[in-house]
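Worksheet: the structure to be examined is printed underneath.
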Amino acid sequence: MPDEHDSTLRDAHWKMYSENSIQARHHETQRAAVASTFIGISGAVIAFMTSDKTLSPLDLPPALLLVLLGMFGAVFSAKQYERIQLHTRRARGYRDAYDALLPGSPLRSIRRIADDDNTREFPKLSVLRLNQFWIAMNLAISGLGVCLVIVALFFPIRVIAS
């Protein structure tokens, strides 16, 4: 009986590991899709603002849109990261429980070796967190919007085409 119980438990752990891994990837895909969309929208907004070769107080609404878009993107990215971390932690827990049921816990040693190799090969990059880049990119959109608001309000310009 213990073998049947162990097999059922292993199957349950593996299925829960897989489900949480899929959920983490889903949130990552959503984050990437929203970021790509926001970059596209930001480009269109900037093209619209500069299409008349001027930057004036009339350009405040689209500049403010950039500020809001970037802020929303940063918060959305942070929330997606939180969801990714939730599902990743759950998946690790199920993976570790699955590994504990295997003779010699082979998954743990494979993971440890791979992690050590990666850290050795990429010592500086391995400490950076990808979510920081996603958030920074969105904050850059917001920062660009703030700069455009300042220029439009205090330093309106007209670019003369040559």
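The values are calculated or read from the model by the stated rules, or taken from the named source; none is laboratory data. Because the structure is predicted, anything quoted here is derived from the model rather than measured. Positions of Cβ are generated from backbone atoms using ideal geometry, with glycine treated the same way; all protein chains shown enter the neighbour counts.
Name the residue that is farthest from the chain's Cα centre (by Cα), counting only residues in region 109-126 that are more than 25 Å from ASP11 (Cβ to Cβ) and among the hydrophobic types (A, V, I, L, M, F, W, C).
Here the residue is ILE113.
Kindly provide the set of residues from region 39-73 that are at pLDDT below 95 and of a type in the set (Val, Ile, Thr), ordered by number.
THR50, THR54
Cβ-Cβ distance below 6 Å, separation of 6 or more or different chains: which pairs start in region 90-116 with a residue that is more than 22 Å from ALA24 (Cβ to Cβ) and end on one that is exposed (fewer than 14 other Cβ atoms within 10 Å of the Cβ)?
So the pair list comes out as LEU101/ASP6.
When you look at PRO106, is it of a type outside the set (Phe, Trp, Tyr) and more than 23 Å from the chain's Cα centre (by Cα), yes or no? Let's see the steps before the verdict.
Numbers: of a type outside the set (Phe, Trp, Tyr): yes; more than 23 Å from the chain's Cα centre (by Cα): yes.
Answer is yes for this residue.
Residues that are out of contact with any Asp or Glu (no Cβ under 8 Å at 6 or more places or on another chain), small (Gly, Ala, Ser), surrounded by fewer than 14 Cβ atoms within 10 Å (Cβ to Cβ) and modelled with pLDDT of 95 or more: does region 14-32 have at least one? Explain how you work it out, then say what you get.
Looking only at region 14-32, we keep the residues that are out of contact with any Asp or Glu (no Cβ under 8 Å at 6 or more places or on another chain), and these are 14-32.
In the following step, the residues that additionally are small (Gly, Ala, Ser) were identified as 18, 21, 24, 32.
Within this subset, residues satisfying the condition of being surrounded by fewer than 14 Cβ atoms within 10 Å (Cβ to Cβ) are 18, 32.
Pick out the ones that are also modelled with pLDDT of 95 or more and you get 18, 32.
Yes, because at least one residue in region 14-32 is out of contact with any Asp or Glu (no Cβ under 8 Å at 6 or more places or on another chain), small (Gly, Ala, Ser), surrounded by fewer than 14 Cβ atoms within 10 Å (Cβ to Cβ) and modelled with pLDDT of 95 or more.
Are there any helices (runs of 4 or more DSSP H) wholly within region 49-162 with 2 or more residues that are buried (at least 18 other Cβ atoms within 10 Å of the Cβ), and if so which?
60-100, 130-154
Could you tell me whether ALA136 is within 26 Å of PHE38 (Cβ to Cβ), of a type in the set (Gly, Ala, Ser) and in contact (Cβ under 8 Å) with a residue 60 or more places away in the chain? Break it down into steps so the answer makes sense when it comes.
Numbers: within 26 Å of PHE38 (Cβ to Cβ): yes; of a type in the set (Gly, Ala, Ser): yes; in contact (Cβ under 8 Å) with a residue 60 or more places away in the chain: no.
No: the conditions fail for ALA136.
Restricting to region 1-13, count the residues that are surrounded by 14 or more Cβ atoms within 10 Å (Cβ to Cβ) and either basic (Lys, Arg) or free of Cβ contacts under 8 Å to residues at least 12 places away in the same chain (or both).
Total satisfying the criteria: 1.
Can GLU4 be described as modelled with pLDDT of 95 or more, acidic (Asp, Glu) and outside any loop (DSSP other than H, G, I, E, B)?
No; evaluated as a whole, the condition is false for this residue.
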